[in-house]
Structure formats: structure tokens, C-alpha cells
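In what follows, a single structure is set out as C-alpha cells and then discussed.
The values are calculated or read from the model by the stated rules, or taken from the named source; none is laboratory data. Given the structure is predicted, the values throughout are model-derived calculations rather than measurements. So basically every Cβ, Gly included, is an ideal-geometry build from the backbone, and we count neighbours across all protein chains shown. Accessible surface is based on the protein model in full, side chains and every heavy atom, while ligands, DNA and RNA are left aside. Shrake-Rupley method; radii C 1.70, N 1.55, O 1.52, S 1.80 Å.
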Amino acid sequence: MSYKTIIVDTRGAVGIVQLNRPKALNALCAELIEELNAALDAYEADPEIGAIIVTGSEKAFAAGADIKEMLPKSFQDVYMEDFISRWERITRCKKPVIAAVSGYALGGGCELAMMCDFILAAENAKFGQPEINLGTIPGSGGTQRLTRFVGKSKAMEMCLTGRMMDAEEAERAGLVSRIVPVTDLMDEALKVAQAIAAKSLPSVMMAKEAVNAAYETTLTQGVRFERRLFHSSFALDDRREGMTAFSEKREPQFRNR
Ligand SMILES: C/C=C/C(=O)SCCNC(=O)CCNC(=O)[C@H](O)C(C)(C)COP(=O)(O)OP(=O)(O)OC[C@H]1O[C@@H](n2cnc3c(N)ncnc32)[C@H](O)[C@@H]1OP(=O)(O)O
């Protein structure tokens, strides 16, 4: 399939989606979101793929929703089309999705990165929710996910002022897992994605589901959910192989079953 606003590439068991609207700093127009969703559908359906990376350019992961596309929309337009709901496809990925962020991740760009499973940041990364400067507010989970990541005080300040957070502050605050030099970002993202893709995919999917439950449930419900998934992993051939390989002092040969 050929795309106009993204570039897709596959490296072994890793699928890469690069947002590619350089003239608009990867602003997230409707076409880009549809293409991103199509690429995610394809990688999810491909049994050879074990992890997905979403990235942008060195200057911008994404500078937010496309302001020029949003400008003429009325309340009726956005309400009737449930504007932004199509962005949430990425949160339904069962396979792990890593955001490799260089440069600006603003507004919807920050929200899209936060919808991924974790964020690897380049040293020049800048995160922010500047919608307040446009007379609106974050609309794709920014007020909710950013608050869960960095706490109320920082999230509130960022959403009320539009202040950007640099990579160091983002790492300190727990928004990103790690910071790497700009030139190493894709190599590092690929390394970690390949390491994940080499594990047993069903157990990776269970671990992802369990960690995500921490955002959506109480501790008691989350721990019970984790326990059930842990018990379920005993039905996997890969669980038997992993433990057998450990006892036999050899590398496991996972078959994703
Ligand atoms: C639910 C979600 C809601 C939202 O996400 S609302 C949007 C939130 N995002 C923003 O408000 C950020 C808007 N962009 C900026 O503030 C600036 O850009 C930057 C600070 C990121 C970079 O500034 P600089 O380096 O001076 O570049 P430049 O000349 O402003 O941008 C280059 C071209 O990119 C276009 N562009 C940038 N961001 C967007 C956007 N979000 N929507 C549409 N176009 C965008 C510009 O207009 C311009 O284009 P041209 O050369 O034709 O003038």
C-alpha cells in the first residue's frame, strides 16, 4: 500500500511508521490519521511483526492536530463526526508500540506519543499541550494521560500555560522512559523494539494489558486482573519453553503459542 503522509518500513520483526508531513511539522491531519491507522492494522495483522515504532522527523514528532484543517470546523461538525475519535486506534493495538520522539511533540503530537506504550526521547525532544494558546483545550487525552504520567501540578501548569517540557524534565517527571542522543534515536528504538519482538508475543501482550490496567482500574482490581493473566500464561507453550530453557541453561526458542 502506498501512503502520502507516512513512510512505513519493516526491519525484521519490527514495523516502523514515520509521520511524514515535513512542511507542516507532521501536523496530524485526517489523512495522516487514516494512513497511520491503516499501517497499524496491517502490522497488527502481520504474524511476522512483534513490535511497532511510531516516529517523526528530527525537528518534529508531530506539532499537533492540523490547525488549518480544524479552523473552519463548527461545533456541529466536530460533534457530529466525533472529531478526534479516529486517533484512538493506536490505544487498541495489542502489539507493543514505542514512540520514538525527536523535536516537538505538541498538542495532539504529545497525546499520540502518550497513547503509545512508552516514549523514547531524543535529547532535543519538547513536549507540550499548547491548545490553551488557540483558545481550546487538549482533546485527545492530554488532560487525562499527562496528569497520570506527571501528576496534577505539572500537568495543570502545562495545560494552563502551554509551557513546553524538555527531554530532561520529561524523564525526571516520568513521561519518557529514556533519553538518547538525537542521532541514536532510531537505532536505540530499533534495539529495544527488536528485544521485545524476540520475546514470546502472547506474554508481551499480556504484560502490556496488565500494565495498562493500572491506568484504568483500582489497585485491587488491577492486581486481580494481573493474577488472572499470570495464571493464563501457564497455558502458553512459550511459558513452558521459557522455564524449561532456564532449567536447561539455554536460550528459549519461543514459538508464539
Ligand atoms: C486534539 C488536538 C489539538 C491540537 O493538537 S491543537 C495544535 C497544538 N499545537 C500547536 O499549537 C503547535 C503549533 N505550532 C507551533 O507552535 C510552531 O509551529 C512550532 C513551535 C512547533 C515550531 O515553530 P517554527 O520552527 O517557527 O515553525 P513554523 O514556521 O511555525 O512551522 C512550520 C510550518 O508548519 C506549520 N505548522 C506547525 N504546526 C502546525 C499545526 N499544528 N497545524 C498546522 N500547521 C502547522 C506552520 O504553519 C508552518 O507552515 P507554513 O510554512 O506554511 O507557514
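Would you point out the residue of region 38-75, among those that are open to solvent by less than 10 Å² (accessible area, probe 1.4 Å) and part of a helix (DSSP H, G or I), that is farthest from the ligand (Cβ to nearest atom)?
Ala39
I need the full set of residues from region 120-154 which are of a type in the set (Gly, Ala, Ser), in a loop (DSSP other than H, G, I, E, B) and more than 15 Å from the ligand (Cβ to nearest atom), in order please.
Gly151, the sole residue that qualifies.
Looking only at region 202-257, which residues are within 20 Å of Lys95 (Cβ to Cβ), open to solvent by less than 80 Å² (accessible area, probe 1.4 Å) and in a loop (DSSP other than H, G, I, E, B)?
Result: Leu236, Pro252, Phe254, Asn256.
Output the qualifying pairs, or none if there are none: Cβ atoms under 6 angstrom, residues six or more apart or on different chains, first residue in region 231-243 and without any contact (Cβ under 8 Å) to a residue 60 or more places away in the chain, second residue outside any helix (DSSP H, G or I) and aromatic (Phe, Trp, Tyr).
Filtered contacts from region 231-243: Asp238/Phe254.
Any residue in region 102-118 that's closer than 15 Å to Asp166 by Cα and touching a residue at least 40 places away in the same chain (Cβ under 8 Å): show its pairings with residues that are part of a helix (DSSP H, G or I) and β-branched (Val, Ile, Thr) at Cβ separation under 6 Å, as long as the two are six or more apart or on different chains.
Pairs found: Ser102/Val182.
Starting from region 136-158, take each residue that is closer than 19 Å to Met70 by Cα and list its partners that are part of a loop (DSSP other than H, G, I, E, B) and within 16 Å of the ligand (Cβ to nearest atom), counting only C-beta distances under 7 angstrom and pairs at least six apart or across chains.
As it stands, the answer is Pro138/Gly107; Pro138/Gln129; Gly139/Ile84; Ser140/Ile84; Gly142/Gln129, since those pairs meet every condition given.
Say whether the condition of being part of a loop (DSSP other than H, G, I, E, B), more than 16 Å from the ligand (Cβ to nearest atom) and at pLDDT 95 or above is met by at least one residue in region 7-18.
Yes, region 7-18 contains at least one residue that is part of a loop (DSSP other than H, G, I, E, B), more than 16 Å from the ligand (Cβ to nearest atom) and at pLDDT 95 or above.
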